[in-house]
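Below: the structure, in structure tokens.
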Amino acid sequence: MKREAITIRFATVDDAETIHGAMIGIATIMGEREKVVSTPDDIRRFGFGEKPAFEVLLAEAEGMPAGVCLYIPSFSTYHGRPGVYVQDLYVPDQFRGLGVGARLLQRLAAGARARGGCYIRLSVDTQNFKAQGFYTSLGLAHSHTQQIH
């Protein structure tokens, strides 16, 4: 599969099953599948409509889902500008190593900048060393001044 064959688009309500499947994929990798109680209907209800709680970028390759980036708009009172919080980033095994995750985050960053945004934040499970290495390779630094509670 060539990197050029991968496209990125905004998700629609018809993508709820794919989005939910990605959340299950993340939980499965982390050995926490049993913790997922959400349903595709939750994705439809809260992610689309008049006031969506989140937005999603989807990567596709030859019509197949190749990656999902679910994010939430946020705001920095220190900067006085908006940003985004990446809640979930998932790339299925068969599409890893093709730059899908990096492309999703680049597209997210470009969109955030176009809206006046100045930052991206995300959290990584302390035991997910592969993801930590991936984010570090992209130049995303771990915050040593904040902790999530």
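The values are calculated or read from the model by the stated rules, or taken from the named source; none is laboratory data. As the structure is a prediction and not an experimental result, all values here were calculated from the model. When we count neighbours, we look across all protein chains shown, and the Cβ atoms used for this are built from the backbone with ideal geometry, even at glycine. SASA here: full protein model, heavy atoms, side chains in, ligands and nucleic acids out. Shrake-Rupley method; radii C 1.70, N 1.55, O 1.52, S 1.80 Å.
Per-residue Karplus couplings for region 137-148, computed as 6.51 cos²θ - 1.76 cosθ + 1.60 with θ equal to phi - 60°, are listed in order as 5, 8, x, 7, 9, 5, 6, 9, 10, 9, 10, 8 Hz, Gly and Pro entered as x. Charge tally around Thr28: other residues with Cβ under 12 Å, Lys/Arg +1 each, Asp/Glu -1 each, net -1. Specify whether the C-alpha gyration tensor of region 87-149 places it in the rounded, prolate or oblate class, a ≥ b ≥ c being the square roots of the eigenvalues: rounded for a/c under 1.5, otherwise prolate if a/b is larger than b/c and oblate if not. In terms of gyration-tensor shape, oblate. Just Glu34, Glu17, Glu60 to compare: in a GNM of the chain, with alpha carbon springs under 10 Å, which one fluctuates most? Per the Cα network of the chain with a 10 Å cutoff, Glu34 tops the list.
Carbon-plus-sulfur fraction of the accessible area of the chain, 1.4 Å probe, in percent?
Percent of accessible area from carbon and sulfur atoms in the chain: 54.
Ser137: net charge of surrounding residues, Cβ under 15 Å, Lys/Arg +1, Asp/Glu -1, itself excluded? Taking every other residue near Ser137 into account, the sum is +3.
Other residues whose C-beta falls under 15 angstrom from the C-beta of Pro82 contribute a net charge of +3, scoring Lys and Arg +1 and Asp and Glu -1.
Remark: region 98-114, residue by residue, has Karplus-estimated 3J(HN,Hα) of 9, x, 5, x, 4, 5, 4, 5, 5, 5, 4, 4, 4, x, 5, 4, 4 Hz, where x stands for each Gly or Pro and the curve is 6.51 cos²θ - 1.76 cosθ + 1.60 at θ = phi - 60°.
Remark: region 23-119 carries 56 Å² of accessible area per residue (probe radius 1.4 Å; ligands, DNA and RNA excluded).
For the chain, modelled as a GNM whose springs connect Cα atoms under 10 angstrom apart, the maximal fluctuation among Thr18, Thr28, Thr77 occurs at Thr77.
Add -39500 (n - 2.57) for each DSSP H run of 4 or more in the chain, then divide by its residues: what number comes out at 222 nm, to the nearest 500 deg cm²/dmol? Roughly -9500 deg cm²/dmol at 222 nm, from the helical runs in the chain. Taking Cα centre as origin and charging only the Cβ of basic (Lys, Arg, +1) and acidic (Asp, Glu, -1) residues, the dipole magnitude of region 11-149 rounds to 640 debye.
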